[in-house]
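Report on the following structure.
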């Protein structure tokens with residue numbers, strides 16, 4: 001697994017004309033999680049902010065990823081006619097852990 005570790009109040013902003021490409025595989029998932037890696041914090045929400053796809057971002061893809069411990073997992077902003085595009089494939093709910 002590839003881990004993307006976030007501190008409190010941090011996250012990712014995908015701005016206008018930008019894209020986020022997360023290309024994990026079935027055997028090598030990309031994990032987005034808070035920086036409290038002790039076992040007791042494994043399923044505690046609210047440890048980091050969000051992955052925010054702002055209006056005007058495009059061709060965003062999240063494949064084979066686990067997104068956990070955030071305040072909001074993925075926030076897709078659709079102001080006006082510049083709604084971002086997003087494709088999510090092979091996700092996993094936290095409850096399956």
Comparing 68, 17, 58, which has the greatest mean-square fluctuation in the GNM of the chain with Cα pairs linked when under 10 Å apart? 17
State, to one decimal in nm, how far the label point of residue 12 lies from the label point of residue 88, with both points 7 Å from Cα in the Cβ direction. 1.3
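Expressed in whole Å with the largest first, what are the equivalent ellipsoid semi-axes of the chain derived from the C-alpha gyration tensor as the square root of 5 times each eigenvalue?
Equivalent-ellipsoid dimensions as semi-axes: 24, 16, 10 Å.
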In percent, what relative contact order does segment 2-96 have, based on Cα pairs under 8 Å that are 6 or more apart in sequence? 31
In nanometres, the difference between 0.36 nm per residue of separation and the alpha-carbon distance of residue 72 and residue 39 is 9.8 nm
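All of the numbers you see were taken from the coordinates with simple rules; none came from a lab. Treat the numbers as computed from the prediction; the structure is a model and nothing was measured. Because the Cβ atoms are built from the backbone with ideal geometry, glycine has one as well, and the counts that use them run over all protein chains shown.
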